[in-house]
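Novice: If you scroll down you'll find the structure; I have some questions about it.
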């Protein structure tokens, strides 16, 4: 299989959008040796590609300032990531769960986590905690923090990577591990690319509940599986199960995406979108729903992240 280094084409002037497609050219490559946190080489180090995959080598550290992380004893380290991104992603008829740990990678090599904090109420694996509520005190000014494995990551909108513009389609911010692109919060009003620009509306709403005795699908729980009553300590929206599918006034599906025209994909693509509210605050499910839309490429998710370039 022929493997090509993107930097060669950029430096020699043979970069052609018709041949070098977005999953290859969208990455923020470090060509000047810039360093980030603790002197670690920043952003994406190299991009290789074959007929079917793009390979992204990165440290997981951005070039912008990160930290401090209040009440978090962890500090980021060079993760030496190598990710494999499908160039021709396909839908998955039996969607895979977007589990704990890295589920996608940003254009600067920083990884994405799902909206949860990997914990649940009373450790019952029923009422799943959302990081935006339970861990946000440890987020830095960009919205990220390091994991116990010392991987810097985001659960929500990454404020320093880009500047949201409500008058323009958001840029590609990264790729999920099923190969589909992740955009910022603004897209075309219609899926065919017409009608102006607007904020993409989540496909979820908060449930109308004061007690946590049932699940969003209507399942009635026995009392030993109840969650805490809605209160100041546990407000509505702090658990995944506090949300249910919207029935109207939404743009995105349960994966937090839609099939649509974008600037980089004029013929259309499935695309995920960052979700924020009218004030710019993170809005559930933030980056991705509980499952991917497409078939996940093996080797990227935990305990992987260091694929062999073949």
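Novice: Name the one entry in 247, 297 that is modelled with pLDDT of 95 or more and either touching a helix residue (DSSP H, G or I) at 6+ places or on another chain (Cβ under 7 Å) or surrounded by 14 or more Cβ atoms within 10 Å (Cβ to Cβ) (or both).
Specialist: Only one candidate passes the filter, namely 297.
Novice: Here is a further query. Would it be correct to say that residue 107 is surrounded by fewer than 16 Cβ atoms within 10 Å (Cβ to Cβ) and under 24 Å from residue 268 (Cα atoms)?
Specialist: no
Novice: Could you please let me know if residue 156 is touching a residue at least 60 places away in the same chain (Cβ under 8 Å) and within 18 Å of residue 56 (Cβ to Cβ)?
Specialist: Judged against the criteria, residue 156 is not a match.
Novice: Could you list all residues from region 46-79 that are more than 17 Å from the chain's Cα centre (by Cα), outside any loop (DSSP other than H, G, I, E, B) and within 25 Å of residue 288 (Cβ to Cβ)?
Specialist: 47, 49, 53, 54, 55, 57
Results for (1) over 30 Å from residue 218 (Cα atoms); (2) in contact (Cβ under 8 Å) with a residue 40 or more places away in the chain; (3) more than 14 Å from the chain's Cα centre (by Cα), shown as yes or no for each residue.
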| site | (1), (2), (3) |
| --- | --- |
| 125 | no, no, yes |
| 136 | no, no, yes |
| 144 | yes, yes, no |
| 147 | yes, yes, yes |
| 160 | yes, yes, yes |
| 164 | yes, yes, yes |
| 169 | yes, yes, yes |
| 174 | yes, yes, no |
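Novice: Would you mind stating whether residue 281 is more than 26 Å from residue 143 (Cα to Cα) and surrounded by fewer than 18 Cβ atoms within 10 Å (Cβ to Cβ)?
Specialist: no
Novice: Anything in region 26-60 that is in contact with a helix residue (DSSP H, G or I) (Cβ under 8 Å, 6 or more places away or on another chain), more than 21 Å from residue 301 (Cα to Cα) and crowded, with 23+ Cβ neighbours inside 10 Å? List them, or say none.
Specialist: none
Novice: With the structure loaded, tell me whether residue 82 is in a strand (DSSP E or B), touching a residue at least 60 places away in the same chain (Cβ under 8 Å), out of contact with any helix residue (DSSP H, G or I) (no Cβ under 9 Å at 6 or more places or on another chain) and closer than 29 Å to residue 254 by Cβ or whether it fails that test.
Specialist: No: the conditions fail for residue 82.
Novice: Right, something else. Which members of region 1-20 meet the condition of being surrounded by fewer than 17 Cβ atoms within 10 Å (Cβ to Cβ) and either within 18 Å of residue 81 (Cβ to Cβ) or at pLDDT 95 or above (or both)?
Specialist: Within region 1-20, 3, 5, 7 qualify.
Novice: Same structure, new question: Restrict the check to region 212-225 and report whether at least one residue is crowded, with 20+ Cβ neighbours inside 10 Å, out of contact with any strand residue (DSSP E or B) (no Cβ under 7 Å at 6 or more places or on another chain) and within 27 Å of residue 127 (Cβ to Cβ).
Specialist: yes
Novice: A further question on this structure: Is at least one residue of region 217-234 within 23 Å of residue 100 (Cα to Cα), touching a helix residue (DSSP H, G or I) at 6+ places or on another chain (Cβ under 6 Å) and either assigned to a loop (DSSP other than H, G, I, E, B) or in contact (Cβ under 8 Å) with a residue 12 or more places away in the chain (or both)?
Specialist: yes
The values are calculated or read from the model by the stated rules, or taken from the named source; none is laboratory data. It should be emphasised that the depicted structure is a prediction, and the values quoted were computed from it without experimental measurement. Because the Cβ atoms are built from the backbone with ideal geometry, glycine has one as well, and the counts that use them run over all protein chains shown.
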